[in-house]
Protein chains: 4
Amino acid sequence: MNMKDRQSKLLEGIIVPLVTPLSGNGGVDIEGLNNLIEHVIRGGVHGIFILGTTGEAQSLSMKQREEMIKETSLILRDRLPLLVGISDTSISDSAALSQKAHEAGAYAVVATPPYYFATEQSELIEYFENLVSLLPLPLFLYNMPVHTKVAFDPKTIKRIAQNDKVIGFKDSSSNGAYLQAVMYAMRDNPEFMIFVGPEEMTAEMVLMGANGGVNGGANLFPELYVQLYNAAKSHDIEKVRHLQQKVMRVSTGIYSKGKYGSSYLIGLKCALSVAGICSDFPAMPFVHFDKERRNEIEKAMKEIENVLGNKHVINS
Amino acid sequence: MNMKDRQSKLLEGIIVPLVTPLSGNGGVDIEGLNNLIEHVIRGGVHGIFILGTTGEAQSLSMKQREEMIKETSLILRDRLPLLVGISDTSISDSAALSQKAHEAGAYAVVATPPYYFATEQSELIEYFENLVSLLPLPLFLYNMPVHTKVAFDPKTIKRIAQNDKVIGFKDSSSNGAYLQAVMYAMRDNPEFMIFVGPEEMTAEMVLMGANGGVNGGANLFPELYVQLYNAAKSHDIEKVRHLQQKVMRVSTGIYSKGKYGSSYLIGLKCALSVAGICSDFPAMPFVHFDKERRNEIEKAMKEIENVLGNKHVINS
Amino acid sequence: MNMKDRQSKLLEGIIVPLVTPLSGNGGVDIEGLNNLIEHVIRGGVHGIFILGTTGEAQSLSMKQREEMIKETSLILRDRLPLLVGISDTSISDSAALSQKAHEAGAYAVVATPPYYFATEQSELIEYFENLVSLLPLPLFLYNMPVHTKVAFDPKTIKRIAQNDKVIGFKDSSSNGAYLQAVMYAMRDNPEFMIFVGPEEMTAEMVLMGANGGVNGGANLFPELYVQLYNAAKSHDIEKVRHLQQKVMRVSTGIYSKGKYGSSYLIGLKCALSVAGICSDFPAMPFVHFDKERRNEIEKAMKEIENVLGNKHVINS
Amino acid sequence: MNMKDRQSKLLEGIIVPLVTPLSGNGGVDIEGLNNLIEHVIRGGVHGIFILGTTGEAQSLSMKQREEMIKETSLILRDRLPLLVGISDTSISDSAALSQKAHEAGAYAVVATPPYYFATEQSELIEYFENLVSLLPLPLFLYNMPVHTKVAFDPKTIKRIAQNDKVIGFKDSSSNGAYLQAVMYAMRDNPEFMIFVGPEEMTAEMVLMGANGGVNGGANLFPELYVQLYNAAKSHDIEKVRHLQQKVMRVSTGIYSKGKYGSSYLIGLKCALSVAGICSDFPAMPFVHFDKERRNEIEKAMKEIENVLGNKHVINS
């Protein structure tokens, strides 16, 4: 696809922020990656996003990230649009990753603000104007203030998006009022795509006009998130509320078994391992759950399977 | 009403978090208060909440707060349910205010966590168990982490709400994922009322099951917020999206003319003054807008009036 | 003393931020207060500061605060300069407390920024200009950003202190670079008094020119803090380092036995109770230590007593 | 030097956190780097630390960082101990940089916690135990919570430092009470080196026993910081206070001319350019000062030169 084609085909629906399956020695777990990609394709998702926060991109070396781009592309074989995270504190390294993404046939790249120094809005504008000029692919802005310490001001997004290589926005702030302000600021640009990170609030934002969700849980239960998206897209409020309960069951059962902020990520990887899809090794600085926590995840998985009404994952 | 009656009649819809009209010397502007209450009743709101954040309760002396309770009650004459904020750092002073609210015939009281010392969840539980035992009225928990530095954990809410004097929750966190987690935690208690502070995200939360909004803009344009609530309540998504644009126009036009965090409050009071409803004096530590900013508010008000399609406020 | 006399006699040394001894029913524990005041006077401290953070002022009702002012004054009988905290979110209530402090013969009052709404520097200036005009006594500015969410900019302090009723600054930020910037900003006003809150860094700041410390530990071991101040004041670095170790022993042994941010306060009150000086009841939202933690404090107290080389407190 | 030799020769004094001089096209400005290194050696500093926060390491690509290590080593020719920052979010990339540092003959490496995901203390311990096992050089822990979102707990430092490859701690928290707690926690390990980042509080911490400062201003006025260190080391309080005024003059004159958090860095680079030492290009996301701000820096530099009593820099 050339850039024009890419832009003419808008994305919507559920984009999976793919976890990065790792082998014990730190390399990509290729078999696990293959299982995972086939699993989410079967689940009906609308796209794949690698090397995001859920993909632990920052914890991977440049070399590991390049490996992940290449292996994903080989397995995916253009069956779904591929988004590639290039967030880094070095603009040169971000640009280098975008080149790899381009070579791998990606649909677009995705970038947060640099995350060591906190940046002001004027610096964000300058930074992204520079970054965009270095990119061979269209860009999604990625708002993740809990990790980057800054949020894109709605006016900043509007300004950066004057460049039509900037095609969308992924918001992981969880801030509903903020996201409404972003959608309002971009109201005259209907092709600008808005995706919601937290799965707990994707349905409501799709009801209000967002294009879809980039939901971690879709690694595990892709059908559930696709169903929820479809219900919201077709304004079926009763079905939305019904499915939302299931999503909340996943969120409260899988993501909060650890004591620390990383429990979302480690819980998700543990559940994927329990489901037989891939290994549960997170990248440093995190460590996988011990036996006791794994047992809790196993128990939660079984309950969720029952709630979902069929065997979505285990032994599938 | 006795407590049982109060609880049997659930609140829903738009509760106005009333600004506190002040005269130049710091007393309550009685004429302004009268205008404001009549204005919002005409606008069809479903309840009134005084002495919240928008009501600048913390900036008022205990005596001023007592005066506000009494004067509001006299003007309101039970035409709408009255909620009274009793948030304070002293549990005794909160209890004393609840007594005044009770004497004034209030429906319930509303309390944030104490806001000087940050409190842990276990301390919140102990604090509210004590507070509730001192109250002659039912209680809404009020989540306002930007000011109190702590948020109620969903499990904490569930625990405190085991006491059936705790009848609802008002969330001003703007955090959509969090509010979903609260609603999920309280799913077995359908009488527990959930209200949303930020008007920018009230519609979507009502679509998802919340009971209504406590929206500052309803001081100014009460009909608009009532219409939006009704559209969401009846699942009319197209109408919701149409009205949401107007709400966003208010939000971006009136609340952000100042440089500082207080611009929401001062902008709202300025607009009420432009509309001829009440004075624009905020309580210390804030000061009212200068001529230049007031002109901006006047201009925004005219544009919004045009968008709203009829003269809602000015010279009404 | 008239205001001129007060100002002509500069304070320096150790000011005890007095805990507020409470009886089980929430009133002031008069006997405990008497014990405590006599204890710190015997220990040689240079002043007493009531109704600060350590005094839990915010958790006390206006009536309790007035009682504390009156009772302290009756016990103190002008033997030491008395500073009174008037921090509140309501400027009227702060002014009312300053009147009580004046009637009680206080040396000065002490005020943080209002702590519900966060304030900008321009708002701080306006607020304190208004507050000072309402005060019958000189004022110390009190920087406590962890609780008030804002810090005084050095330029703001300089500006507010253009009014000579503003006679000093108490900094509890723990930020050494910041406090140097404040001292540098005030370098042309040598009568402006600078006091340091955290006892862990008082000695170094006195070496660099600060006037003294407002150290919570001086409730318990007043002599130790006076000795440390004297060593720093006389530039005896070896003695400073030696005593600093003891102060750190107190800090690590007494203030950190609880899990939460309140452990400083509760640990201090528990230790005072162990020492037989006053009760260990904190005001809501906090609760006193259970038996297990009290045992830890007892053990730490014994070790510290040994380190201090004589029985300072227990059974004294 | 082998590791034992390195450890047997403790560092103390002023370590310059070297800025990274950049040419307009993003490469290292070799001539500027040469000027800068010769300038600080002439100024008498005791060591050089490259690729820290002041060195903008995170904004540089891996390749640029490797270039900076190599070029610095070639210019330095072992005349001073060289510390190399290896902070990264990827433990592999940190380890790779440590290898380059080793090949370049560095004295030690320096690492912050990973700074995308915030880490808990237990994760910090695990992370650093892993990192240390990968390093061919001794390690300084680098505390920089404003950028990394987490601070090392004193107990965490003590635990990590049980491995004797962990030889010191650089604290840029500005938190005096915290740094005292760290020094107290490490009191039984006198060879563990403590360095202070903020130049505004280095003198006081050296008086209290710290080993020296890692002060950005030493890029510009190395002699001044060496004099201040020497005065503190020899307990000459009067001289310390006198020189402290000059350090504060630099801090307030050079570091605060911009509007944003980056003004320290950009101001310092601008001043180095005004002094004819190296270019003023910061790495993305920052941009150099415009003409107006540069004029302010020029003016401040002249005033400081006068205060310092001789021409330290310009045309030197």
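The values are calculated or read from the model by the stated rules, or taken from the named source; none is laboratory data. Just so it is clear, the model here is predicted, and its values are computed rather than measured. Here Cβ is always computed from backbone atoms with ideal geometry, including for glycine, and neighbour counts include all displayed protein chains. Just the protein is used for accessible areas: all its heavy atoms, side chains included, with ligands, DNA and RNA removed. Shrake-Rupley method; radii C 1.70, N 1.55, O 1.52, S 1.80 Å.
If r is the Cβ-Cβ distance from C:K233 to D:E292 and R0 is 35 Å, what FRET efficiency results, to the nearest 0.05?
Details: r = 45 Å, r/R0 = 1.30.
So the FRET efficiency works out to roughly 0.15.
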field: Those lysines that a straight Cα-Cα span of less than 16 Å connects to C:K291, excepting residues fewer than 8 apart in one chain
entry: C:K257, C:K259, C:K269, C:K299
- prompt: How far apart are the B:K233 label points across copies, placing each 7 Å from Cα toward Cβ, in nm, shortest first?
  reply: 3.2, 7.0, 7.7
statement: Simple spin-label estimate for C:E31/B:K155, 7 Å along Cα→Cβ, in nm, reads 4.1 nm
Beta bridges per DSSP with both ends in chain D, % antiparallel, nearest 5: 5 percent
statement: Counting only DSSP loop positions in region D:78-140, the GluC sites (Glu not before Pro) whose Cβ has at most 11 other Cβ atoms within 10 Å are none
Two-site label geometry, D:N189 and B:H102: point separation in nm, points 7 Å out along Cα→Cβ: 5.9 nm
message: Ordering A:M68, B:M284 by accessible area with a probe of 1.4 Å, largest first, what comes out?
response: B:M284, A:M68
message: Can you tell me the orientation of helix C:121-133 relative to chain C, as the angle in degrees between its alpha-carbon axis and the longest Cα principal axis, to the nearest 10?
response: 90 degrees
- line: If one compares the long axis through the Cα atoms of helix B:237-254 with the longest principal axis of the Cα atoms of chain B, the angle in degrees, nearest 10, works out at 70 degrees
task: Round to the nearest 10 and report in Å² the accessible area of A:C278, as given by a 1.4 Å probe over the protein chains' heavy atoms.
output: 10 Å²
query: For region B:161-223, what class follows from the C-alpha gyration tensor (a ≥ b ≥ c being the square roots of its eigenvalues): rounded when a/c is under 1.5, otherwise prolate if a/b is larger than b/c, else oblate?
result: prolate
message: Keeping all protein chains in the complex and leaving out DNA, RNA and ligands, what accessible area do you get for C:T89 with a 1.4 Å probe, in Å² to the nearest 10?
response: 10 Å²
query: In sequence order, what are the phi-derived ³J(HN,Hα) couplings for region B:136-145 according to the Karplus relation 6.51 cos²θ - 1.76 cosθ + 1.60 with θ = phi - 60°, rounded to whole Hz, with x for glycine and proline?
result: x, 9, x, 10, 9, 6, 10, 9, 9, x
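Students sometimes get this wrong: rank D:D290, C:D188 by accessible area, probe 1.4 Å, all chains present, largest first.
The most accessible residue leads, giving C:D188, D:D290.
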Efficiency of FRET from Cβ geometry, B:K9 and A:K299, R₀ 41 Å, rounded to 0.05: 0.50
message: If a paramagnetic tag sat 7 Å from the Cα of B:V307 along the Cα-Cβ line, which residues of region B:206-222 would have the backbone N under 19 Å from that point?
response: B:215-222
- line: Result for interface chain D to chain C, accessible surface buried in total, 1.4 Å probe, Å² to 100, stands at 2300 Å²
Average Cα contact separation per residue, chain D, under 8 Å, 6 or more apart, as relative contact order %: 18 percent
- prompt: Using a Gaussian network model of chain A with C-alpha springs under 10 Å, which one of A:G26, A:G216, A:G85 is most mobile by mean-square fluctuation?
  reply: A:G26
Amide H contacts of B:F169 (H built 1.01 Å from N, under 5 Å, at least 5 apart or other chain): B:L141, B:M193, B:I194, B:F195
Relative contact order %, region A:27-148, counting alpha carbon pairs below 8 Å whose residues are six or more apart: 23 percent
query: Leaving out ligands, DNA and RNA but keeping every protein chain, what accessible area does D:S61 have, in Å² rounded to the nearest 10, with a 1.4 Å probe?
result: 10 Å²
message: Expected output is a single nm value to one decimal: the length gained when fully extending between A:Q121 and A:N163, i.e. 0.36 nm times separation in residues minus the C-alpha distance. What is it?
response: 13.5 nm
task: Sort D:R159, C:R77 by accessible area with a 1.4 Å probe, largest first.
output: C:R77, D:R159
- prompt: Which angle between 0 and 90 degrees, to the nearest 10, do you get for helix B:222-233 versus the longest principal axis of chain B when only C-alpha atoms count?
  reply: 50 degrees
query: In whole Hz, what ³J(HN,Hα) sequence does region C:101-109 give by Karplus (6.51, -1.76, 1.60; θ = phi - 60°), x for Gly and Pro?
result: 5, 4, 4, 8, x, 5, 6, 6, 10
- prompt: Residue by residue through region B:163-169, which ³J(HN,Hα) values in whole Hz follow from phi under the Karplus form 6.51 cos²θ - 1.76 cosθ + 1.60 (θ = phi - 60°), with glycine and proline marked x?
  reply: 7, 6, 6, 8, 9, x, 9
- request: For D:V16, enumerate residues with amide H under 5 Å from its amide H, sequence gap 5+ or separate chain, H modeled in the peptide plane.
  value: D:H46, D:G47, D:I48, D:F49
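Based on alpha-carbon positions alone, could you give the equivalent ellipsoid semi-axes of region C:3-237 from the gyration tensor, as √(5λ), descending, whole Å?
Three semi-axes, in Å: 24, 23, 16.
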field: Spin-label pair A:K70/C:E129, simplified geometry with 7 Å Cα→Cβ offset, distance in nm
entry: 6.7 nm
statement: Residues meeting the amide H criterion for A:L22 (H placed from the backbone, H to H distance under 5 Å, 5 or more places apart or on another chain) are A:D29, A:S279, A:F281
message: Along its three principal axes, how long is region B:130-180 when you only count alpha carbons? Whole Å, largest extent first please.
response: 31, 21, 14
- prompt: Given a Förster distance of 41 angstrom, what is the FRET efficiency for A:V146 paired with C:R77, based on the Cβ-Cβ distance and rounded to 0.05?
  reply: 0.15
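When each pair of different Cα atoms in region C:174-316 is counted once in the 1/r mean, what is the Kirkwood radius in angstroms, to one decimal?
Its Kirkwood hydrodynamic radius stands at 16.1 Å.
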